[in-house]
Amino acid sequence: MRPPRSRRLLFPGALVASLLAVAAAAFWRGIWAEDAPRGPGPVGDGPVCAVCRGPDGGKEVRCAARLPYALDRVWAAVTDYDGYGDICEYIHADEVHHEPDGRCLLAARARSLFSGEVPFAVELRHEQNLDEYVVSWDRPGGRVEVNRGRWVLRPDGPSETLVALSLEVQVRAVPTFILRNLSLYRLPEVVRAVERRLRDGPSGKTW
């Protein structure tokens, strides 16, 4: 005996409703932004990550954590572009040019969920002040219409560093809220990878 039609439609209806709820949550997570970034907890708490208002009023994904390593050691790890696969395993550096003024010109490829590999080039600017070290970039190109971000490192005592990684990306034909959700997943992994690199040393692997 076949179940009533209403019962046969119950499961697919519930599935569709669940998928719509997940999609709505992802959409809201990708468009809503905090006015002020959240600070991380103590060492061992792991990264905190959220969509925030950037310095220019736009929306960026920011991830921050406290690491149990001195500022200079963390700086050496995040500026080792030849070994960047240890930190950003989805990015492969093809060419790295170090300029006399401290800039670094990087030609690289990024793995994309939608179109294989996305080539890009970026100029990385280094600033080392007494209480803050910064790596920043702002160079779109090709299908990447916005590629803006920065590492900000601040000493927190003699043997700890406050690490913040911010990123704003827009790619032609890809909804920005999807890219922000992807960054909300990836950036904490990148910050954890910095700590792992400092703990275990370079892996020597290539993409």
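The values are calculated or read from the model by the stated rules, or taken from the named source; none is laboratory data. Being a predicted model, the structure only gives us computed values, none of them experimental. Glycine gets a Cβ as well: all are built from the backbone with ideal geometry, and neighbour counts include every protein chain shown.
Does VAL118 count as within 15 Å of ILE91 (Cβ to Cβ) and not hydroxyl-bearing (Ser, Thr, Tyr)? Considered against the rule, which asks whether it is within 15 Å of ILE91 (Cβ to Cβ) and not hydroxyl-bearing (Ser, Thr, Tyr), VAL118 comes out as yes.
For the subset of region 41-67 comprising residues that are assigned to a loop (DSSP other than H, G, I, E, B) and surrounded by 16 or more Cβ atoms within 10 Å (Cβ to Cβ), which member is farthest from the chain's Cα centre (by Cα)? So the residue we want is VAL43.
Counting only residues that are crowded, with 16+ Cβ neighbours inside 10 Å and at pLDDT 90 or above, region 155-179 holds 11 of them.
When only residues in region 125-170 that are of a type in the set (Lys, Arg) and more than 18 Å from VAL48 (Cβ to Cβ) count, which is nearest to the chain's Cα centre (by Cα)? Reasoning before the result, please.
Initial filter on region 125-170 (of a type in the set (Lys, Arg)): 125, 139, 143, 148, 150, 154.
Pick out the ones that are also more than 18 Å from VAL48 (Cβ to Cβ) and you get 125, 139, 143, 148.
Numbers: ARG125: 18, ARG139: 16, ARG143: 19, ARG148: 11 Å.
In this case the residue turns out to be ARG148.
Just a yes or no: is a residue in region 87-97 exposed (fewer than 15 other Cβ atoms within 10 Å of the Cβ), over 29 Å from ASN181 (Cβ atoms) and either over 14 Å from the mean Cα position of the chain (by Cα) or modelled with pLDDT under 90 (or both)? Looking through region 87-97, at least one residue is exposed (fewer than 15 other Cβ atoms within 10 Å of the Cβ), over 29 Å from ASN181 (Cβ atoms) and either over 14 Å from the mean Cα position of the chain (by Cα) or modelled with pLDDT under 90 (or both).
Here ARG103 fits the description: touching an Asp or Glu at 6+ places or on another chain (Cβ under 7 Å) and either modelled with pLDDT under 85 or more than 30 Å from GLY44 (Cβ to Cβ) (or both).
Checked against (1) at pLDDT 85 or above; (2) crowded, with 19+ Cβ neighbours inside 10 Å, VAL152 meets all criteria but (2). Entry remark, region 165-207: residues being charged (D, E, K, R), in contact with a Ser or Thr (Cβ under 9 Å, 6 or more places away or on another chain) and under 20 Å from GLY141 (Cα atoms) number 1 in total.
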